[in-house]
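Student: One structure, pasted below without further comment.
Bear in mind these aren't lab numbers, they're just calculated from the coordinates by the rules spelled out. Here the structure is a predicted model, which means the values were calculated and not measured. When we count neighbours, we look across all protein chains shown, and the Cβ atoms used for this are built from the backbone with ideal geometry, even at glycine.
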Amino acid sequence: MSETSKIVDDLVAELTPVRCLAPPALRATLWLAGAAVLGTAIALTIGHPAALGQRLASPAFAVEISATLLTGIAAVFAAFFLSVPDRPRLWALLPIVPLVVWLASSGSQCWHNLMVFGPSGASKDADHACLVFIVAVGVPLTLSLLIVLRRAAPLEPVQTALLAALGAGALGAFILQFFHPFDVTFLDLGFHLAGVGLLLVIAALLASFHTRIGRSP
Amino acid sequence: MPAEPQRLGTEALADDAAPTGFAGSRAEDFPRLMVQVQAGDTSAYRYLLAAVLPLLRSLARRGLWRPEDAEDAVQEILLTLHRVRHTYDPDRPFLPWLFAIARRRIIDRQRQAGRSHRRETEFTAEHETFLSVATNSSAMEFDLGALQDAINALTPAERRALELLKLKELSLKEAAAISGMSVASLKVAAHRAVKRLRALLGPQGGAP
């Protein structure tokens with residue numbers, strides 16, 4: 001008997017009933033609903049929703065915060081779609097447009113502040129708390145996403161993990177706006193990006209380690 | 001195909017047992033079979049694997065040059081299919097799902113094969129020969145008459161020592177016990193025998 005026939009026999013002998021995985025769109029929606037509940041709870045208990053309401057009157061800020069949220073949602077959806085074998089890999093491009101809008105609107109606000117307040121405006125109220133916040137919110141979000149995605153079969157684990165981290169980081173940056181009663185400065189933007197970048201590095205390392213020890217499909 | 005898949009033996013897995021043109025006539029049955037597989041139906045599973053195996057083989061052989069690499073890829077695809085069978089959505093076609101897994105595993109195998117081919121060089125018949133012409137002549141070409149003459153030229157004691165120590169590979173003690181010769185005289189006899197054979201058969205001797 002050839003080795004392949006033996007493998008077929010072994011697989012048939014090992015067959016156990018499995019529960020079919022729900023469609024990726026449904027799984028992504030459920031995960032986002034969970035994250036929304038958590039985010040709302042954090043924002044309402046320790047955030048400044050009133051300050052955020054005032055800032056939303058500015059169209060530039062409204063665009064920025066919507067783009068942040070959309071980046072997070074799009075990246076989470078893309079990660080879920082990439083985690084099943086037969087969905088087009090093009091889903092990975094979904095978060096690109098909101099991401100570009102987010103970075104551009106954030107950057108233009110920084111530029112505006114720099115022009116209005118001068119160089120002193122660039123460092124106004126900036127501290128590393130933003131970075132800590134994004135990482136503190138983003139790490140648990142990323143980990144929970146990676147655990148949920150592992151249930152599926154990401155054939156490209158690193159790419160999927162990067163999308164998950166981008167989603168978690170963007171959602172972290174969105175929730176951060178409830179605690180951020182001022183416009184984003186250059187230094188802030190740097191810290192926000194550093195926070196998301198750190199999440200991406202952590203996720204990529206986790207995914208490649210996972211692949212190297214042969215645990216991914 | 002029958003409404004209830006029959007249990008097929010491993011003989012159904014051979015290439016020639018694969019029904020021809022089933023991609024058209026049977027592909028639409030795969031989702032239903034896969035639902036049965038997800039429910040734990042082993043006969044449906046055996047039937048499905050037997051049906052997709054030739055497809056996977058032809059896909060792997062198109063992507064991998066060496067047949068053993070292609071077969072390794074097929075085995076890895078089967079193992080992955082088994083591990084991720086819960087990710088198949090019965091509302092969607094089966095073959096794109098399977099081929100996405102297959103393509104991934106074939107690419108992995110191509111990378112592995114590329115890496116090992118860069119590091120390793122396979123032996124060919126030329127690598128297994130030596131530079132000296134004499135070492136490459138086969139045993140049949142060896143002059144058996146010359147060897148017989150050389151052995152006949154040895155004394156009986158030398159011949160006995162050679163037989164026990166070199167052909168039967170006994171230790172000096174065992175050879176001494178069998179032949180009744182002392183260890184010292186066995187050593188001397190074997191040494192002389194080898195020396196004389198070398199003189200008779202070596203490059204200076206009669207044979208090449």
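Student: Arrange the following residues from fewest to most other Cβ atoms within 10 Å of their Cβ: B:Glu158, A:Glu156, B:Glu169. Spell out each step's value before the answer.
Tutor: Numbers: B:Glu158 21, A:Glu156 17, B:Glu169 9.
Placing the least packed residue first, the sequence is B:Glu169, A:Glu156, B:Glu158.
Student: In addition: At a 10 Å Cβ-Cβ cut-off, how would you order B:Met34, B:Met181, fewest neighbours first?
Tutor: B:Met181, B:Met34
Student: Of A:Leu69, A:Leu99, A:Leu114, which has the largest mean-square fluctuation in a 10 Å C-alpha GNM of chain A?
Tutor: Result: A:Leu114 has the largest fluctuation of those listed.
Student: Please give the average number of partner chain Cβ atoms lying within 10 Å of the Cβ of each residue in B:89-102, rounded to a whole number.
Tutor: 3
Student: For segment A:1-70, what is the charge dipole size about the Cα centre, in debye to the nearest 20, if Lys and Arg each add +1 at the Cβ and Asp and Glu each add -1 at the Cβ?
Tutor: The dipole magnitude comes to about 440 debye.
Student: Still on this structure, please answer the following. Once you've got the GNM for chain A with C-alpha springs shorter than 10 Å, pick whichever of A:Ala92, A:Ala152, A:Ala22 has the biggest mean-square fluctuation.
Tutor: For chain A, modelled as a Gaussian network with Cα springs under 10 Å, the answer is A:Ala22.
Student: Nearest 10 degrees, 0 to 90: what angle lies between the long axis of helix A:157-176 and the longest principal axis of chain A (Cα atoms)?
Tutor: 30
Student: Taking the 0 to 90 degree range and rounding to the nearest ten, how far is the long axis of helix A:59-82 tilted relative to the main principal axis of chain A, both from C-alpha atoms?
Tutor: 10
Student: Quick one: helix A:24-46 against the long Cα principal axis of chain A, what's the angle to the nearest 10°, folded into 0 to 90?
Tutor: 40
Student: Here is a follow-up. Which of A:Leu52, A:Leu163, A:Leu200 moves the most in a Gaussian network model of chain A with Cα springs under 10 Å?
Tutor: Comparing A:Leu52, A:Leu163, A:Leu200 in a Gaussian network model of chain A, the most mobile one is A:Leu52.
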